[in-house]
Amino acid sequence: SKRVRNTQLRRHFLIGNEAHVLPHPSYPSPAPDGHTKGWKVYVRPLPNGPDMTTWLKKVQFKLHHTYTDASRMIEAPGPFEVSETGYGEFGVEIRLYFAPESGEKAVYREHYLVLAPYGSAEQKARQKRENVVVAERLETIEFNEPTQEFFKAMTSE
Ligand code: SLL
């Protein structure tokens, strides 16, 4: 497909995790032996942001090899997230797969799980009190010289 010259399409989204000390209502109880945390890793739109599925079709989350079926593929419409319990932190390997008409290859990101309270003493105290840790960041994806078909889909969102 022909490409639109001198044009970039940029989209913002979040990659991150939330975590809770177990027991917690969102996770089965009792947890497997030794599992002290429940967590969720995700790729999601900004709060009140537009739907991502115009451009994002699948997300692969590769967990630590201690997990059974460590490779988790989540298809649109998502939500693009994996919820698990465990005991330790590790880097989650994330592959983003785009709409076929984009002609774009999958893109790789890593998110290192944060399960323990972090930040200032006050921030840590609050995370403990509320039993929630959130670690997320703004991500940007840029499509350079998009195909005409993809450009049309993206600009008529
Ligand atoms: C650590 N380097 O030792 C890390 C490894 C392993 C994470 C963390 C349990 C998996 C399961 C789990 O939390 N694995 O039993 O299903 O801190």
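The rows are residues; the columns are (1) among the acidic types (Asp, Glu); (2) more than 19 Å from Thr140 (Cα to Cα); (3) under 12 Å from the mean Cα position of the chain (by Cα).
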| site | (1), (2), (3) |
| --- | --- |
| Pro23 | no, yes, no |
| Tyr27 | no, yes, no |
| Pro32 | no, yes, no |
| Val59 | no, no, yes |
| Thr66 | no, yes, no |
| Glu84 | yes, yes, no |
| Gly88 | no, yes, no |
| Tyr97 | no, no, no |
| Ser102 | no, no, no |
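Within the range 43-69, which residues are surrounded by 13 or more Cβ atoms within 10 Å (Cβ to Cβ) and within 16 Å of the ligand (Cβ to nearest atom)?
Within the range 43-69, Phe61, Lys62, Leu63, His64, Tyr67 qualify.
Considering only the range 1-31, state which residues are open to solvent by 90 Å² or more (accessible area, probe 1.4 Å) and not in a loop (DSSP other than H, G, I, E, B).
Hits for the range 1-31 are Arg10, His12.
Can you run down the residue pairs with Cβ atoms below 9 Å, 6 or more apart or on separate chains, where the first is in the range 123-146 and free of Cβ contacts under 8 Å to residues at least 24 places away in the same chain and the partner is crowded, with 17+ Cβ neighbours inside 10 Å and β-branched (Val, Ile, Thr)?
Every condition considered, the pairs that remain are Gln127/Val133.
Take the conditions at pLDDT 95 or above, assigned to a loop (DSSP other than H, G, I, E, B) and within 14 Å of the ligand (Cβ to nearest atom) and apply them to Gly34. Does it pass?
So Gly34 fits the description; yes.
Can you give me the number of residues within the range 75-109 that are open to solvent by 50 Å² or more (accessible area, probe 1.4 Å), on the phi < 0 side of the Ramachandran plot, in a loop (DSSP other than H, G, I, E, B) and away from the ligand (no atom under 16 Å from the Cβ)?
Qualifying residue count for the region: 4.
The values are calculated or read from the model by the stated rules, or taken from the named source; none is laboratory data. From a predicted model like this one, the values you see are computed outputs, not experimental measurements. Because the Cβ atoms are built from the backbone with ideal geometry, glycine has one as well, and the counts that use them run over all protein chains shown. The area values use the complete protein model at the heavy-atom level, side chains included, leaving out ligands, DNA and RNA. Shrake-Rupley method; radii C 1.70, N 1.55, O 1.52, S 1.80 Å.
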